[in-house]
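Below is one structure, written out as structure tokens, with a few remarks after it.
Read the figures in this text as sums done on the coordinates, not as results from a lab. In this text, all values refer to a predicted model and were calculated from it rather than measured experimentally. Cβ placement follows ideal geometry from the backbone for every residue including glycine, while neighbour counts extend to all protein chains displayed.
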Amino acid sequence: MRSGSNLEKVLEDGRFAVTAEIGPPRSADPEPIRKHARDMKGSADAFNLTDNQTAIVRLSSIASGVVCLQEGIEPVIQMTCRDRNRIAMQSDVLGASALGIRNVLCISGDHQVFGNQKEAKNVYDVDPVQQLMMFRKMRDEAQVWGGDKLEEAPKLFLGAAANPFADPFEYRVRRLSKKINAGADFVQTQAIYDMDRFERWMAQARELGLHEKAHIIAGVMPLRSHKAAMYMKNKVSGMIVPDAVVDRLRTAADPKAEGVKLCVEQIEHLMSIEGVHGVHIMAVAWEEIVPRIVRDAGLLPRPSVREAIVHPYHS
Amino acid sequence: MIIAEQKGIEELIGILEGHKDILVVGCRSCVAICLAGGEKEVGVLSEALRLHSDMRSKGWNISEVTLERACEKEWAYELDQLVEGKDCVISLACGVGAQVIQELFPDVRVVPGLNTSNMGAPEEQGVYNEKCGGCGDCVLHLTGGICPIARCAKSLLNGPCGGSQEGKCEIDPEVPCAWDQIYHSLEKLGRLELMDVPIPPKDWGPSRSGGPRKMVRSEAILTDEQNRMKGGKR
Amino acid sequence: MRIIALVCSFCGYASADMAGVTGQSYPASVVPVRMPCTGRLDVSHILSAFRNGADAVMVVGCLEGNCNYQYGNIEARKRVEQARGILAQLGIDGERVEMFNIASNQGWRFAEAVKEMEGRVLRLGPGPVRR
Ligand code: SF4
Ligand code: SF4
């Protein structure tokens, strides 16, 4: 075990993992995170806390992760290369580990033009591949980048993001391979709507044996309406939403129920694909639907490989 | 070359508050090519300022001159007589030229007339693209001759981010994705395997992050004797 | 009132002349300034005209496609636009400057153009600098 995290255990046990996303609030109040944690507890093995997603200032991912620990759910903290240089990154990962956080997802981060701090200076001292190299060195060799010894290595289960829907398509799997070679233990993908393209991508990944080198967790995002689908299609970078999906929601009598049904079907499909080791549910601003989706997909109960999360904050 | 554009006249008028005898200085090098600070632009700006002065009875005396290369002392010294009696120089040279002029003439205030932007190239007349970020440790041999530092919005070194779609960068559908370009350039060069070679965290020491950079070519430095023969170091 | 007409040596000047020859009446406030081609026009010429007391500036070149130097009149139109941008920053209405394309035999159009500019000055008031 590299980190001893619940997510790592589930995946290493060969169980189909479930992760879900929690968007930290644009506020100093941790209550929304607590509420999501209580609502979703038991529905997933670990929960991603986004890091100032779309470059909008929010409660920090590490602090949100600690709130999750207090609520007895396991966090995956996301860390962008946009806002921290290598000094801050390594320091934050030591801090996160000290606070009991084990899962770290390394990402480049949405460019600041998308957010509410467009005038910001971005960092990009390292990119996500280099971030993984750095964190793996810290964990496996107890050394910071450059070689100085760490008295105590951080306990980390390292994640990378992959987007099968970005271009050039022929290169996407090789880019993932670079991330896995750099240290990614698990991979979470962009939300999948175009199953054909995802299958082609997975086939390439299997050809390179990537499904055996890292745990690939496929992303899904339930949609509440055809408007939400249109938004994803047109406004979110790096997304492909086929017209059939939009039409299905448009013509549905109860779009929300249809959205849930569609998501469950997608999960069932993904479970049947060789090399997919889990599903990552991103119910942005619709977190309360997660337990139902997980239940309908027949993924309950979650394996209790970790009896109770023991950490300094649990009251 | 250095790419720059003129500051708005309103902003300049604000900066000039309190000045009277003003010299507009242009440069015939990069900023003339990008139509920001050559002789023409010096003429137009000077005339615009005169017009404003006359409209508002400011009594500004505006004179104009365009140097061959404002960033070289030898050329910038040509201002010697011209700055006499001036209380302000508007530099239509790039930020480098403006500083060289200020260094040479410490008694007169030099204000920037340009916003100096980047190291780039004219794509066509009137269109200029950034090409190099001056990182001090060039990687173009690994990236198909396309700079990921300056041309990728995130300065990524190991391939395109998840926002790259149909050759465009996530920041703007008008902006090409540098990594998409790199991929296709390497493909044409038959060097696609370079896309698989991981590039470790970059040493930004030789870049601006390492502090202001100084380059010394000792073999090129003139001796005191040579300087005397040349007419003396000023 | 003073309207400066920057006219090219070909159609611009000839159309002003033709206006006189054919007995067109137009305001006496216009002062034609002859230049080889409107392609010689510089933004600073327009600015200078205003600085020297003009209320309006008109640039008169040949019809598009008929420039004696191929596209001098196209360039001139761009410079008029550029001048408008600078005038706006100085608080001067861009309508005070206009580009006209008039053929040498269209004296009546020259007269109309002058009237048009006079109308604008009457509407906008005197130019930015009185001399
Ligand atoms: S790699 Fe560095 S030196 Fe080379 S073009 Fe890019 S910024 Fe300039
Ligand atoms: S889309 Fe391409 S150019 Fe834009 S940030 Fe991503 S990799 Fe860089």
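Counting only other chains, and only Cβ atoms inside 10 Å, what mean value do you get across the residues of B:193-206? Please report the intermediate quantities before stating the final value.
Values: counts 1, 0, 6, 6, 1, 9, 5, 7, 11, 5, 0, 4, 0, 0.
Rounded to a whole number, the mean comes out at 4.
The loop-placed GluC sites (Glu not before Pro) in region A:103-173, going by DSSP, that have at most 13 neighbouring Cβ atoms within 10 Å of their Cβ come out as A:Glu119, A:Glu151, A:Glu152. Amide hydrogen proximity for A:Asn48: with H placed 1.01 Å from N in the peptide plane, the residues at 5 or more positions away or on another chain lying under 5 Å are A:Ala20, A:Glu21, A:Ile22, A:Val76. Rounded to the nearest 0.05, the FRET efficiency derived from the C-beta distance between C:Glu95 and A:Ala63 at R0 = 60 Å is 0.55. Tell me the Kirkwood radius of the protein assembly as shown: reciprocal of the mean inverse pair distance over distinct alpha-carbon atoms, in Å. After inverting the pairwise mean of 1/r, the radius is 30.0 Å.
Take every Cα pair under 8 Å whose residues are at least 6 apart in sequence, average their separation, divide by the length of region B:2-118, and the relative contact order is 35 percent. Measuring r between the beta carbons of C:Ala28 and B:Glu68 and using R0 = 60 Å, the FRET efficiency lands at 0.80. Taking label points 7 Å from Cα along the Cα-to-Cβ direction, A:Ala285 and B:Glu5 give a separation of 3.3 nm.
By count of other Cβ within 10 Å, fewest leading, how are B:Glu130, A:Glu258 ordered? Show your work: numbers first, answer last.
On the way: B:Glu130 14, A:Glu258 19.
Placing the least packed residue first, the sequence is B:Glu130, A:Glu258.
Given a Förster distance of 30 Å, report the FRET efficiency between A:Lys118 and B:Lys131 from their Cβ-Cβ distance, rounded to the nearest 0.05. Using R0 = 30 Å, I get an efficiency of 0.80. Extending 7 Å from Cα along the Cβ direction at A:Glu212 and again at A:Arg292 yields two label points whose distance is 4.2 nm.
Under 5 Å between amide hydrogens, built in the peptide plane, is the criterion, and for C:Asn66 it picks out nothing among residues at least 5 positions away or on other chains. A simple spin-label model places pseudo-atoms 7 Å from Cα toward Cβ; at A:Glu199 and C:Gln70 they are separated by 5.9 nm. Stokes-Einstein, applied to the Kirkwood radius of region B:128-234 over Cα pairs at a viscosity of 1.567 mPa s and 4 °C, places its translational diffusion at 79 µm² s⁻¹. Residue by residue, region A:99-116 carries 3J(HN,Hα) couplings of 8, x, 8, 10, 9, 10, 9, 8, 9, 6, x, 5, 4, 5, 4, 7, x, 9 Hz when phi is fed to the Karplus relation 6.51 cos²θ - 1.76 cosθ + 1.60 (θ = phi - 60°); x denotes Gly or Pro.
Of all DSSP beta bridges confined to chain A, the antiparallel ones make up roughly 5%.
Which percentage, to the nearest 5, of the DSSP beta bridges contained in the protein assembly as shown is antiparallel? Don't jump to the answer; show the numbers that get you there.
Details: 15 of 79 bridges.
For the protein assembly as shown, the DSSP antiparallel bridge percentage is about 20.
Each listed q (0.22 Å⁻¹) maps to a log10 I(q)/I(0) for region C:3-124 from the Debye sum over equal C-alpha point scatterers, namely -1.25.
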